[in-house]
Amino acid sequence: MSGRLWLCLLLFCPWLAWSESGSWQEQLQSTDRIKSVDFAEFQQRLHSFEQRKANMSQADLAYLNFLLAYAELYLGDPDAALQRLVPLSRQQPESALAFRARALMVNSYLMSQQYLDAFTELELLLQQLPMVTQTAAREQGLLMIALAYLSAGQPELTIEFASQLEAEPVSATSLCKAKQQKAEAYLQTGQFAAQRSYVEAAVKFCQKHQEWLFTGLLKNSQANYFLEQGSYQQALSLLLNYQSKVRELAYPRLLADFDLALAEAYFGLDQPELAGQAAQRVLQISRLADTDQSKASAWLVLYRLARQQGQYQQALQYHEAYLQAFESLTQHKQIQQQAYYNAHLNVGAKLRQIAMLDKDNQLLKAEQSSMQSQAAYDQILIILLSFFVLGLSFWLYRLYQIRSVLKQHAERDLATGVSNKRHFSQQARAMLQKAEEKQQELALIRLELTALQQINQQQGEGAADQLLAQAVQACRNFLRNQDLVGRVGQFEFALMLPGTDPDKAMMLAEICRDAVVPILSPLLPGQQALISAGVSLSRWSGYHLTCLVEDAEQAMQHARNSGQQLALFSPDLQTSSGH
């Protein structure tokens, strides 16, 4: 088209311009649909829209701002995204676009670690969802709710809302996102093995619809499952086959997860150089927060590599970096969990307050009607009935509280928060019965903090219990959801690990030991015998709790007598130990 003709169109034919409201809406909706399929094209279109936005209506500008916020969030700038989204959520708060903005705000607040705001918005989303009818708004709302619950450590709720989305007539893009979230939740809940066919079908579905980002996230979940099973070569092959597409997408979260999985696969296959390179790439991602799980795990891989290669000074530096990252991650998770429950309670309290006000208004109207009809007897009866309902509700609530406290005291150790010895034994026997039926291998680790006896004498039982609780929490961060932990002695706790072979059991015992020693060593400088651990397995001890416990005790005693800190029970007590 010549320059003159273009000028003519602009000056004399304004009805052809893109600023026409219907035309803008169609173009914005088309751009909205490709945002997760072709992000480069999505950015180019946004740039073109910004150059022509002078002729847009207010509704079109609001839609454009929403899409710009999505782009900023994708590129790792949640603060810039929130500057656009917060005003959008306040303008016409009942509109579908305001609901979508609020859904994207949840993700933005999560990325910027403003968890109380994130989960407060989540509660508001849950209230508004039943009234939302627009397909795009419902899709985004359900996806963000599922994602937020995954971040809050509630994978069962993620599965529930993602399944709800799958049951609705939504786009292929949203279905792909929902399937990816369910796969991640299955991995967290230990259901991945039972759902492998579902995940494989999800990968094919996303590939068919060219949803490359969520295909990558699904493949990463598959790789993590293979790593948990010790199938390092299978995990590596899967990762390498999709690595070029991950680099092309350049999405920081996916890059970090992929490189971490590569590092663990290379480490498992005894390829230290490649493992170190992959771990270093994780640490070099500039937008990765210090509290990120991938960063802490990358430090741990580097520490293991350096120790394996005899580079003890370097290993010490990596271990210090790992401990610092692990501590930050632990605090970060605690803050996240607290924010989730606080938001739930705060919003719930407001709703109850509104409900009480509504109820008070209804009672006031009833009272006025009674006064007008001079029915004083009815008025007194209503007041008495209100007090009766209130008293009954309070009594039921107190009964529920007492029952909950008694149940907790019966099953939990108050100092550490984990199962007490009796409850641990009950759960362990049930776990052993299932393992025996499936002929599944099972390991038991007993850990005794021998240093706590001296601390108990010097500082009292409260100080020793506090240190034991810290040690138990440090070990729990490395356990799976299906693993069992309980306090079995004054200074001793045990771990029951289904589906665990000797190498994995010894590695976990060693990791727990390494995590607990920094907690105790500052209080007893120079003392070496801080913790003793013994490991027993069902292959040698059978599926009897008494035998497993006695054999683990024998291994722990052998480690203590031989000057070691860790030992594995075998028929002739051939031990593998760590110092």
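The values are calculated or read from the model by the stated rules, or taken from the named source; none is laboratory data. Just so we're clear, the structure is a prediction, and the values are computed from it rather than from any experiment. No Cβ is skipped: glycine too gets one built from the backbone with ideal geometry, and neighbour counts run over all protein chains shown. The accessibility values were calculated without ligands, DNA or RNA, using every heavy atom of the protein model including side chains. Shrake-Rupley method; radii C 1.70, N 1.55, O 1.52, S 1.80 Å.
Annotations
- Summing charges over all other residues whose Cβ lies under 14 Å from the Cβ of Q234, with Lys and Arg as +1 and Asp and Glu as -1, gives -1.
- For the range 446-497, a crude dipole built from +1 on the beta carbon of Lys and Arg and -1 on the beta carbon of Asp and Glu, taken about the Cα centre, is about 200 debye to the nearest 20.
- Simple Cβ-charge dipole of the range 455-569, Lys/Arg +1 and Asp/Glu -1, about Cα centre, in debye nearest 20: 140 debye
- Each Lys or Arg adds one and each Asp or Glu subtracts one; over the other residues with Cβ under 9 Å from the Cβ of V203, this totals +2.
- Cα centroid separation - the range 123-160 against the range 489-513, whole Å: 37 Å
- Across the protein chains, with a 1.4 Å probe defining accessible surface, the residues T546, T416 rank T546, T416 from largest area downward.
- If only the Cβ of Lys and Arg carry +1 and only the Cβ of Asp and Glu carry -1, the dipole of the range 211-264 around its Cα centre is close to 120 debye.
- Ranked packing of 444-451, 221-228, most packed first, by mean Cβ within 10 Å: 444-451, 221-228
- Environment charge of P130, counting only residues whose C-beta is closer than 14 Å and scoring Lys/Arg +1, Asp/Glu -1: -2
- By the Kirkwood approach, averaging reciprocal distances over each pair of separate Cα atoms, the range 68-131 gets a hydrodynamic radius of 11.5 Å.
- Sorting the segments 74-87, 255-268, 547-560, 35-48 by their residues' average number of neighbouring beta-carbon atoms within 10 angstrom, most packed first, yields 255-268, 547-560, 74-87, 35-48.
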